[in-house]
Amino acid sequence: MSPAADLVRQSAAVLAEAIAAGEVSSREVTQAHLERIVDVDDRVHAFLHVDAQGALEAADAVDRARAAGDALGPLAGVPIAVKDVLATRGMPTTCGSRILEGWQPPYDATVVERLRGAGIVILGKTNMDEFAMGSSTEHSAYGPTHNPWDLTRIPGGSGGGSAAAVASFESPLAIGTDTGGSIRQPAAVTGTVGVKPTYGGVSRYGLVALASSLDQAGPCTRTVMDAALLHSVIGGHDPRDSTSIPEPMPDVVAAAQRADVRGMRIGLVRELSGEGYQAGVLQRFTEAVAILEDLGAEVVEVSCPHFDYALGAYYLILPSECSSNLARFDGMRYGLRAGDNGDRSVEEVMSLTREAGFGAEVKRRIMLGTYALSSGYYDAYYGQAQKVRTLIQRDFAAAFDQVDVLISPTAPTTAFRLGEKVDDPLAMYLNDVATIPVNLAGNCALSLPVGLAPEDGLPVGLQVMAPALADDRLYLVGAALEGALRDRWGHLLIEEAPAL
Ligand code: GLN
């Protein structure tokens, strides 16, 4: 294993083993990825910030530890890209917004601390829709990310930078966050793997809040096993997050190794396919269902009738929470301060700062949320949405009485064209129709690639959903299906992506 071009095409698991065995150094692996970023990121724009020096120092530390005979973690020495919504000491954290331009957090998020503790090498921060609101990364204040499969297309959002970094072989691993699908939908449209862990399974400490009752960080990778390895590093209880679950997490790595669906009951969600879904997406999904049956699973249709109302409920709950969470960006404490000429009142400076610092989508959601929470409307909007949320939780509970996991297409379409939906918020929101129920219920889901849509040659994702704290089931099913598809194609789908 050596030419740099080969190193960037390896999985994280293979790289970690080679580093541990002394076949290659972490510095060589890191250098190869930094070179790849220089070669392609002017076209992809996955990164907002690259920390070459910090990455090489971290790589050298792993190489020294290995030389000293220290025990290395399962992903030690492997590079990663981190979504720019997680606090990183010594590196900017902008959330894709002008309002935080130049801000350097004084501390690391728990997820980042765990990555560093495991010897994982942070390459830099990835592009995203401003404050994680969007499905295309076009709402970034720093320009859009391009889909490596077709540079005229969106990479999904809000974590399009993380998915594109992995899909373009700039990094074998990335961290995303998923409030309504921002890990899974980008994974689906870039031919990569993305996991939204159980709410409370991964610490939110140091994750800049969008909607605190929905936000969850998770893995973006090219293989299901890599996602399991990364999940095991970042997951588990954190006393600094009051919503962190104080229980041991399931053994996701063992589940990915077992990769067996024999005897499993799999529910196909009737409300999450059919009308509104692209024909080629449904075709690849149906083929994958047949493969799961061939592998020994029993697939039955399940109805979750309230999922039809999930999108409406989400687009009230999320703006409500975000209108409150984003109140802290007032020009007094973080980042940008506009119009402070010494004569203006605090209120005027706050208002000018928020006017200059926030983009149109962020302003739209703050206004929607403020309205939904206002006296006289609270019960009709926010209160009703919370009731729908409970009904969706009950749909999941009833379904999981019958089946072990649920499946659906991850997104209704393949990657659409940059510019196609950016001025049409409702069309943009409809991308999230299949991913949102899981966030509202707090359970977990994984998206993996199941082929290319015949009409446009772009990747299609299948979503596996499991009950809260049964994240291991995602990996049992995901790894089994991935293995069967790899046998069929002779390689992973991502190997078909253009070389750039
Ligand atoms: N597309 C969704 C939204 O715009 C997803 C957001 C997310 O998961 N961060 O709200």
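The set of residues from segment 190-209 being touching a Gly at 6+ places or on another chain (Cβ under 9 Å) and within 12 Å of the ligand (Cβ to nearest atom) comprises G194, K196. Mind listing just one residue for me: the one in segment 49-72 that is within 28 Å of the chain's Cα centre (by Cα) and of a type in the set (D, E, K, R) and, of those, surrounded by the most Cβ atoms within 10 Å (Cβ to Cβ)? Step by step, filter segment 49-72, then rank; the result is D51.
Please go through segment 263-309 and pick out each residue that is closer than 17 Å to P412 by Cα, at pLDDT 95 or above and outside any helix (DSSP H, G or I). Residues satisfying the conditions are L268, V269, Y277, Q278. When H231 is tested against (1) more than 21 Å from V362 (Cα to Cα); (2) within 16 Å of the ligand (Cβ to nearest atom), only condition (2) is not met. If only residues of segment 381-428 that are over 21 Å from the mean Cα position of the chain (by Cα) and hydroxyl-bearing (S, T, Y) are counted, the one that is surrounded by the fewest Cβ atoms within 10 Å (Cβ to Cβ) is T390.
Residue by residue, here is whether (1) of a type outside the set (A, V, I, L, M); (2) surrounded by 24 or more Cβ atoms within 10 Å (Cβ to Cβ); (3) within 16 Å of the ligand (Cβ to nearest atom) holds:
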residue	(1), (2), (3)
P74	yes, no, no
G96	yes, yes, yes
V112	no, yes, no
L123	no, yes, no
T137	yes, yes, yes
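Among the residues of segment 427-454, none is identified as within 12 Å of the ligand (Cβ to nearest atom), closer than 13 Å to V189 by Cα and of a type in the set (A, V, I, L, M, F, W, C). One residue alone among S213, S244 is within 16 Å of the ligand (Cβ to nearest atom) and in a loop (DSSP other than H, G, I, E, B), and that residue is S213. Taking segment 133-190 as the range and being among the β-branched types (V, I, T) and part of a strand (DSSP E or B) as the test, the residues that pass are I175, T177. With respect to being within 14 Å of the ligand (Cβ to nearest atom) and at pLDDT 95 or above, A187 fits the description.
With respect to A188, is the statement that it is surrounded by fewer than 24 Cβ atoms within 10 Å (Cβ to Cβ) and of a type in the set (A, V, I, L, M, F, W, C) true? Against the criterion (surrounded by fewer than 24 Cβ atoms within 10 Å (Cβ to Cβ) and of a type in the set (A, V, I, L, M, F, W, C)), A188 does not qualify. Within segment 369-418, the only residue that satisfies the criterion of being within 24 Å of S135 (Cβ to Cβ) and acidic (D, E) is D395. Scanning segment 312-340 for residues that are in contact (Cβ under 8 Å) with a residue 60 or more places away in the chain, within 16 Å of the ligand (Cβ to nearest atom) and in contact with a Leu (Cβ under 7 Å, 6 or more places away or on another chain) returns A313, Y314, L318, S320, C322, N325.
The values are calculated or read from the model by the stated rules, or taken from the named source; none is laboratory data. A quick note: this is a predicted structure, and the numbers were derived from the prediction, not measured. As a convention, Cβ positions derive from the backbone with ideal geometry for all residues, glycine included, and neighbour counts pool all protein chains shown.
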